[in-house]
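**Q** One structure coming up, written as structure tokens, with questions to follow.
Read the figures in this text as sums done on the coordinates, not as results from a lab. Fair warning: this is a prediction, and the values are worked out from it, not measured in the lab. Ideal geometry is used to build each Cβ from the backbone, glycine not excepted, and the neighbour counts take in all protein chains shown.
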Amino acid sequence: MKQIKQLSLFVENRPGALSEVCRVLKDAQVNLCAMSVADTAEFGILRLLLDDIDRGNAALKTAGFITKETNVLAISVPDCAGGVAGVFEKTDQLGLSVEYMYAVPARIKDKAVIIFRFDDQDAAGAKLAGAGVELLGADEIMQG
């Protein structure tokens, strides 16, 4: 099954915190392919798709960040009104619970791409693939 490694880290909710992360990745020559921030009053959870997750992870750890790798699914979505609704209809029919999602800022194969994290990644990937949903691999996302 096509799963993509995502890097998550805590960042302080303060001016300059996100630019510090981006600077570390730039200095390590790691390309940032997608990012999402979920925040609270004191900190945020930054989720990243990188072209070289191992080098990016090492650079961020060296800079003092605490990181975690998780698997996510990249789903190809028709880039039209209702495209995402069609994916949610499938997840509902299959009984899948979405933990979170975010979009990739590039089109792949003339379609939009949304990153999903499910409560059971393996089962979700198998069910979605079996239902005809197009899952994309890391190579397709990073070249997008």
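**Q** What FRET efficiency would be calculated for the residue pair residue 27, residue 100, taking the C-beta separation as r and a Förster radius of 41 Å, to the nearest 0.05?
**A** 0.90
**Q** If one takes the longest principal axis of the Cα atoms in the chain, at what angle in degrees, from 0 to 90 and to the nearest 10, does the Cα axis of helix 121-130 lie?
**A** Helix 121-130 and the main axis of the chain meet at about 40 degrees.
**Q** Right, here's the next one. In percent, how large is the relative contact order of the range 1-108, given Cα pairs closer than 8 Å and 6 or more residues apart? Spell out each step's value before the answer.
**A** On the way: 136 pairs, mean separation 36.1, N = 108.
That works out to 33 percent.
**Q** Pairs to check: 68/90; 2/26; 61/127; 2/68. Give those whose C-alpha atoms are more than 24 Å from each other in this structure.
**A** 68/90; 2/26; 61/127
**Q** If Lys and Arg each add +1 and Asp and Glu each add -1, what is the summed charge of the other residues whose beta carbon sits under 11 Å from the beta carbon of residue 111? Kindly include the intermediate steps, with their values, before the conclusion.
**A** Values: positive: 107, 109; negative: 79, 110, 134, 140.
In short, -2.
**Q** Still on this model: Angle check, please: helix 17-27 long axis (alpha carbons) against the longest principal axis of the chain (alpha carbons), in degrees 0 to 90, nearest 10.
**A** Computed tilt is about 90 degrees.
**Q** To the nearest µm²/s, what D does Stokes-Einstein give for the chain at 20 °C and 1.002 mPa s, using the Kirkwood radius over alpha carbon pairs as Rh?
**A** It comes out at roughly 135 µm²/s.
**Q** Of 9, 82, 142, which is farthest towards the positive pole of the chain's charge dipole, taken about the Cα centre with +1 and -1 on the beta-carbons of Lys, Arg and Asp, Glu respectively?
**A** The residue sitting farthest along the positive end of the dipole is 142.
**Q** 7 Å from Cα along Cα→Cβ at both residue 129 and residue 39: what's the point-to-point distance in nm?
**A** Placing both labels 7 Å along Cα→Cβ, they lie 3.8 nm apart.
**Q** Placing unit charges on C-beta atoms (Lys and Arg positive, Asp and Glu negative, everything else neutral), compute the dipole magnitude of the range 67-143 about its Cα centre in debye, rounded to 20.
**A** That gives the range 67-143 a dipole magnitude of about 140 debye.
**Q** If you place +1 on the Cβ of every Lys and Arg, -1 on the Cβ of every Asp and Glu, and leave all else neutral, what size is the dipole of the chain about its Cα centre, to the nearest 20 Debye?
**A** The dipole of the chain has a size of about 200 debye.
**Q** Ranked highest first by the average count of other Cβ atoms within 10 Å around their residues, in what order do 2-9, 104-111 fall? Write out the running numbers ahead of the final one.
**A** Numbers: 2-9: 18.5, 104-111: 13.6.
Per-residue Cβ counts within 10 Å, averaged per peptide and sorted highest first, yield 2-9, 104-111.
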